[in-house]
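S.K.: Have a look at this one.
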Amino acid sequence: MSGTPLLSLAIWVPILAGFVVLATGSDRNAPLARMLSLIGAVAGLLVTIPLYTGFDMRTPAMQFVELATWIPRFNVNYHLGVDGISMPFVILNSFITVTVVLAGWQVIDNKVAQYNAGFLIMSGLLNGIFSALDGVLFYVFFEASLIPLYLIIGIWGGPNRVYAAFKFFLFTLFGSLLFLLALLYLFINSGGSFAILDWHQLPIGMSAQTWLFLAFLVAFAVKVPMWPVHTWLPDAHVEAPTGGSIVLAAIALKLGAYGFLRFSLPIAPDASHELSGLVIALSLIAIIYIGFVALVQEDMKKLVAYSSIAHMGFVTLGFFMFSAMGIEGALVQMISHGFVSGAMFFAIGVMYDRAHSRQIADYGGVVNTMPKFAAFFMLFAMANAGLPATSGFVGEFMVILAAVDYNFWVAFAAASTMIVGAAYTLWMYKRVVFGAVANHHVADLTDINAREFLVFVLFAIGALGMGLYPQPFTEVMHSSVNELLRHVALSKIQ
Amino acid sequence: MEMQKLYLLVPVAPLVGAIIAGLFCRVIPRWVAHTVTIAGVAIACIASYVIFRDVMAGNTYNGPVYQWLTSGDYHFEVGFLIDQLTVTMMLVVTSVSLMVHIYTIGYMQDDPGYNRFFSYISLFTFSMLMLVMSNNFMQLFFGWEAVGLVSYLLIGFWYTRPTAIFANLKAFLVNRVGDFGFILGIGLVLAHFGTLDYAAVFAKAPELAADTRLALFGEGEGVALMTAICILLFIGAMGKSAQVPLHVWLPDSMEGPTPISALIHAATMVTAGIFMVARMSPLFELSDTALSFVIIIGSITALFMGFLGIIQNDIKRVVAYSTLSQLGYMTVALGASAYSVAIFHLMTHAFFKALLFLAAGSVIIGMHHDQDIRNMGGLRKYMPITWITSLIGSLALIGTPFFAGFYSKDSIIEAVALSHIPGAGFAYFAVMAGVFVTAFYSFRMYFLVFHGAERFGLAAPHHEDHAAHSKAEKHAEPDGSHADQDHHADDAHDEHPHGLAPGEKPHETPWVVTLPLIMLAIPSVIIGYIGIGPMLFGNFFKDAIVVDAEAHPVMTELATHFHGAFAMATHALTTPVFWLAFTGVALSWFFYMKRPDIPEAIKARSGWLYSLLENKYYFDKFNEVFFAAGARLLGRGLWKGGDAGLIDGIIVNGSARFVGWFATVVRLFQTGHIYHYAFTMIIGVFVLMTLWVTRA
């Protein structure tokens, strides 16, 4: 098994499958395109399983490493590898792709092949981001992954999709340009290396570190997104088709957070310590401010989008307290958010497919006509509110506990999500699901079919499994997180 | 090894029942649902009894089941601590739960959500057992939130009722306010002790308490660590055990079906906070400030919630306010360092309050779901078993000598009298006054329901509560004409129509309802007499409850006054406590049986006082205006002002507009007329030449 280029497979199997699906052409072959997409997505998931089973938990070093020369003139390499921080996201991403293909099964009937191919190609590119160890390779994947998502929103999106797609694209592009400058600076200063791991060892003065940190911060903050560069996310979600929202929430938001761990902390550790107060302040604003904004949303997708921003606030908060539990809690929160927000967006999509509305006011009493749906939706609403035994609890619990150790009042502010998070999620649930049948649209709803049931079950296994037994998720992280912390504690100023 | 499997069996058996009844609730017949869940709880109950015997033989246990999570230097486990306190709770929880399961067969027989209901109450039993059997704070928090979840699901069980789904959201959110404090308390424990394991934390507590202070409020000497931890944990207890000001959810929780009002909102879940503080006695003993806080909150709850019971007319709400008041008594006992007394009252209360609730439910069935006590009267003729068992429950509640409630409540009062903690003086006044109030409202209800003239079966009940209720119902079905009639047939589980038809008489309920009443009436009479000696003074709890006898000698002093259960009861006849209760009963008889005009006159005269009570001290109004509306206002302000106005309006779209404006201005020069360009060019050449010439 050791000789198999698993990471290359994780990247190229879905991309290849995407092109095969694209080749089926017009919608006359839609059933074939769907079947091929599902096969491609499942194959893409299967090739990532050995990454977990064959993972060596004892070492913080990169594993499954592949190295090949790409552009020798600039010393750019096709360099892949994962550690305990990135490996779970490769699997999560491949898992989410399966759910996305299933989620769009009957719902997308326009340009089916192109839609599914977009997701498969994006899945490969996202895996590339999580496993790239070369700066240029990372950047190429990072930027290329924008294109499918941009197209998915722009083509299969809602009425205001063009504004949303542009806003999404420009926001993230703006961040990326600064990121590119930072990469070039590091390339020059490291004497011509694009290897990210070399950059980790590079001594850098304080002011250069600060500039690098700020460039990274802008790039990643837009992706996470952090307050105040978050306003593209609700618009993008509202216009995106269900599958687009699932990937956006479950995976795309994790890229920025991952960037903090792969670039900001190890490359600019002194600046990270120096400016941690800024990031923590922005994180707390995200948790509290965005929580209240989520409370008054009238559109369900916007509500869940805002709640995503608040949950991602826990991630950035966890990172910048520089404790093992904080970082692992943040990583757990990232994975959990993949399951929970993915499921929430899927649930909203299920209702939208039937009643063609996302407005809370258009619903009421859905439980009367869709009891099975209501049960699943309750599970994920509770997970979103951080109820123990669901994955949503584990990350919040760890980050809050780590925060008490860091500073009581930071924990106090962060823990307010216990109340506000429950309020916005359950108030929405109450208005949408509970009550008597509100109107004839609700009366005409039909309960979920076998396919939708399956998607919910997949998400539920993730959310409940991780809530009841998080140990398998965190034990793979320990070595890498401890090594990261050890590294970040050392000054790079000489 | 043998016993460890048995420990695991206790929570797992109800869980399996809940899963079977829950996952397959739409396919399995009713008898399967109630058989599997009752079997699960019965197994748990029998196993608890076996474990009880084993613990009495001296075999306690503390160990992990599985490693839940490790992170950094911290380990989180799921594990059991089986000691005297745990088995007491296990027995109370499983036996009351078993009675409620049986009772539910009768109470819910016409409800389409029958299987779902059984699934929920078994899931509750599982969660509560996980809570009490935990050996660490993490699992405690898991159980804590899980019982909250089931409570949420059950309060909103009749999910088409607007009042029910309002009440369950309110209950969940108010509990979350408590949990907010609770998790911060847990965080402080982990930060300072490095573990969440009870035994390790308790062992290290005295040493850390001595000199650890937290600089929470800037400079100064800071707050003692133990005070901070205990008060934060107690805030959690205030949510779950409904102490002022987090009590507001409990009266509304009566929207749920009566069996769960008995099980969750009287006997078990609401006592989780009391249990938790008793479990944490090694920590609370280290902070007099926290104990003072506890005793003051408890005494406010005990007295002021009792007053509200006097003016309620809904049979369940009277019992609910009585529960609030009794939870206050337990909290007072905790504050007085009389933890064992609090647990003792918790136990007796669980039996007699579950009995009172189930009896109330029996009355409600007999009255065809009319809950207004003003429409009852004289029911003793028609419902003899319900009548006698209610009388037993009420006598136990008001502390009649020899009944269960007497021993526990009298011990609380004695303990408070002996306590020297700041606030104990006020607490003593509150619990004494509370005795009279309890007796008065309990027997007001009892007389109005079971004695006097028969007021039921009168055509078209014309009282405000009912009118409000029907209005709410209409609100629930805003366009009944549009809605599918089939769905309405489905919704028939809503308890309608209310009340007895003219001329109709109430009937005694079937045996599945009356058997649990009888089964609960027995401990309501005897358990105090049996239990007081060993539980309070017989070193029953051993190391499970820790009291610093030097600093808080209440229990040792109490023991010197105790000369056996019989002597205690006979002696009580000469104490003011007994006569206060007696006066309460007598006065309620005089007011409601002899001279009903007097309470009416009082009500008419005391306008502001009555409206203060009628509005429950305006807690709900304040919360609605300040917190609920305030949060929405803040959210809207941040959304419209911050996100849409400042960030998107000025910065994002503003920069786009700026680019657009700049382009518009520049565009003015691009007219497309050749002579404009030629003219501009000539001017340019002229300027350049001028510059060149002048420079030269």
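The values are calculated or read from the model by the stated rules, or taken from the named source; none is laboratory data. Just so it is clear, the model here is predicted, and its values are computed rather than measured. Cβ sites come from the backbone with ideal geometry, for glycine too, and all protein chains shown count toward neighbours.
S.K.: State whether one or more residues within segment A:94-104 are modelled with pLDDT under 90 and surrounded by fewer than 18 Cβ atoms within 10 Å (Cβ to Cβ).
M.R.: no
S.K.: Using the structure shown, decide if A:V293 is under 22 Å from the mean Cα position of the chain (by Cα), closer than 26 Å to A:H478 by Cα and modelled with pLDDT of 90 or more.
M.R.: No.
S.K.: Does B:I598 count as more than 30 Å from the chain's Cα centre (by Cα), surrounded by 11 or more Cβ atoms within 10 Å (Cβ to Cβ) and over 30 Å from B:M432 (Cβ atoms)?
M.R.: No.
S.K.: Tally the residues that are facing another protein chain (nearest Cβ under 10 Å) and outside any helix (DSSP H, G or I), restricting the search to segment A:415-459.
M.R.: 9
S.K.: Further question on the same structure: Somewhere in segment B:167-182, is a residue under 29 Å from B:P29 (Cα atoms) and part of a helix (DSSP H, G or I)?
M.R.: Scanning segment B:167-182 turns up at least one residue that is under 29 Å from B:P29 (Cα atoms) and part of a helix (DSSP H, G or I).
S.K.: Can you give me the number of residues within segment A:372-389 that are more than 10 Å from chain B (Cβ to nearest Cβ) and within 24 Å of the chain's Cα centre (by Cα)?
M.R.: The qualifying residues number 7.
S.K.: So B:A581 ticks every box in (1) at negative phi; (2) without any contact (Cβ under 8 Å) to a residue 12 or more places away in the chain; (3) in a helix (DSSP H, G or I) but one. Which box is left unticked?
M.R.: (2)
S.K.: While we're looking at this one, here's another question. With respect to the numbered conditions (1) outside any loop (DSSP other than H, G, I, E, B); (2) hydroxyl-bearing (S, T, Y); (3) more than 16 Å from A:H311 (Cβ to Cβ); (4) within 13 Å of another protein chain (Cβ to nearest Cβ), which one is the sole condition not fulfilled by A:S336?
M.R.: Just one mismatch for A:S336, condition (3).
S.K.: Could I ask something else about it? May I ask you to list the residues in segment B:632-648 that are of a type in the set (G, A, S), within 8 Å of chain A (Cβ to nearest Cβ) and farther than 18 Å from A:W232 by Cα?
M.R.: If the condition is that a residue be of a type in the set (G, A, S), within 8 Å of chain A (Cβ to nearest Cβ) and farther than 18 Å from A:W232 by Cα, then B:G635 is the only one that fits.
S.K.: Do you know which residues across segment B:61-72 are more than 8 Å from chain A (Cβ to nearest Cβ) and free of Cβ contacts under 8 Å to residues at least 60 places away in the same chain?
M.R.: B:Y61, B:V65
S.K.: Related question: Among the residues that make up segment A:189-197, is at least one of them aromatic (F, W, Y) and in a helix (DSSP H, G or I)?
M.R.: No, the conditions are met nowhere in segment A:189-197.
S.K.: Filter segment A:343-361 down to the residues that are over 23 Å from the mean Cα position of the chain (by Cα), part of a helix (DSSP H, G or I) and either more than 12 Å from A:V432 (Cα to Cα) or among the acidic types (D, E) (or both) and list them by number.
M.R.: A:D353, A:R354, A:A355
S.K.: Let me ask something additional. Restrict the check to segment A:255-274 and report whether at least one residue is touching a Gly at 6+ places or on another chain (Cβ under 6 Å), under 16 Å from A:I96 (Cβ atoms), part of a helix (DSSP H, G or I) and more than 14 Å from chain B (Cβ to nearest Cβ).
M.R.: Taking every residue of segment A:255-274 in turn, none turns out to be touching a Gly at 6+ places or on another chain (Cβ under 6 Å), under 16 Å from A:I96 (Cβ atoms), part of a helix (DSSP H, G or I) and more than 14 Å from chain B (Cβ to nearest Cβ).
S.K.: Now for a different question. Take the conditions at the interface with another protein chain (Cβ under 8 Å from one of its Cβ atoms) and surrounded by 24 or more Cβ atoms within 10 Å (Cβ to Cβ) and apply them to A:I400. Does it pass?
M.R.: Yes; evaluated as a whole, the condition is true for this residue.
S.K.: Additional query: Taking A:F314 as the residue in question, decide whether it is under 17 Å from the mean Cα position of the chain (by Cα) and over 19 Å from A:P470 (Cα atoms).
M.R.: For A:F314, the condition - under 17 Å from the mean Cα position of the chain (by Cα) and over 19 Å from A:P470 (Cα atoms) - is not met.
S.K.: Here is a follow-up. Among the numbered conditions (1) closer than 24 Å to A:V340 by Cβ; (2) surrounded by 22 or more Cβ atoms within 10 Å (Cβ to Cβ); (3) touching a Gly at 6+ places or on another chain (Cβ under 8 Å); (4) of a type in the set (V, I, T), tell me where A:T172 comes up short.
M.R.: For A:T172, the failing item is (3).
S.K.: Related question: Can you say whether B:F182 is touching a residue at least 24 places away in the same chain (Cβ under 8 Å), more than 8 Å from chain A (Cβ to nearest Cβ) and not charged (D, E, K, R), as far as the supplied structure shows?
M.R.: yes
S.K.: Could I ask something else about it? In segment A:23-37, how many residues are crowded, with 17+ Cβ neighbours inside 10 Å and either within 21 Å of the chain's Cα centre (by Cα) or part of a helix (DSSP H, G or I) (or both)?
M.R.: Of the residues in that region, 5 qualify.
S.K.: Sticking with this structure for a sec: With the requirement that a residue be assigned to a helix (DSSP H, G or I) and either surrounded by 10 or more Cβ atoms within 10 Å (Cβ to Cβ) or among the small types (G, A, S) (or both), what does segment B:665-682 give you?
M.R.: Passing the criteria: B:H676, B:Y677, B:A678, B:F679, B:T680, B:M681, B:I682.
S.K.: A further question on this structure: From the list B:L391, B:L397, B:L379, exactly one residue is surrounded by fewer than 24 Cβ atoms within 10 Å (Cβ to Cβ) and closer than 21 Å to B:W589 by Cα. Which is it?
M.R.: B:L391
S.K.: Pairs under 6 Å by beta carbon, first residue within 7 Å of another protein chain (Cβ to nearest Cβ) in segment B:140-154, partner crowded, with 24+ Cβ neighbours inside 10 Å and hydroxyl-bearing (S, T, Y), six or more apart or different chains?
M.R.: Short answer, once both residue conditions are applied: B:A146/B:S127.
S.K.: Moving to a separate point now. From the list B:A656, B:A631, which one is within 24 Å of A:L295 (Cα to Cα), surrounded by 12 or more Cβ atoms within 10 Å (Cβ to Cβ) and not charged (D, E, K, R)?
M.R.: B:A631
S.K.: Looking at segment A:468-485 only, could you name the residues that are surrounded by fewer than 17 Cβ atoms within 10 Å (Cβ to Cβ) and among the hydroxyl-bearing types (S, T, Y)?
M.R.: The one that is surrounded by fewer than 17 Cβ atoms within 10 Å (Cβ to Cβ) and among the hydroxyl-bearing types (S, T, Y): A:Y469.
S.K.: Can you name every one of the helices (runs of 4 or more DSSP H) wholly within segment B:600-645 that holds 2 or more residues which are of a type in the set (F, W, Y) and either touching a helix residue (DSSP H, G or I) at 6+ places or on another chain (Cβ under 8 Å) or without any contact (Cβ under 8 Å) to a residue 60 or more places away in the chain (or both)?
M.R.: B:607-614
S.K.: For segment A:214-233, enumerate the residues that are over 15 Å from the mean Cα position of the chain (by Cα) and either within 13 Å of chain B (Cβ to nearest Cβ) or crowded, with 23+ Cβ neighbours inside 10 Å (or both).
M.R.: Correct list: A:F216, A:L217, A:A219, A:W227, A:P228, A:V229, A:T231, A:W232.
S.K.: Looking at (1) more than 10 Å from chain B (Cβ to nearest Cβ); (2) within 19 Å of B:V174 (Cα to Cα), find the lone condition where A:V410 falls short.
M.R.: Against the list (1) more than 10 Å from chain B (Cβ to nearest Cβ); (2) within 19 Å of B:V174 (Cα to Cα), A:V410 comes up short only on (2).
S.K.: Continuing with this model, one more query. Among the residues of segment A:360-369, are any buried (at least 24 other Cβ atoms within 10 Å of the Cβ) and away from chain B (no Cβ under 11 Å)?
M.R.: No, the conditions are met nowhere in segment A:360-369.
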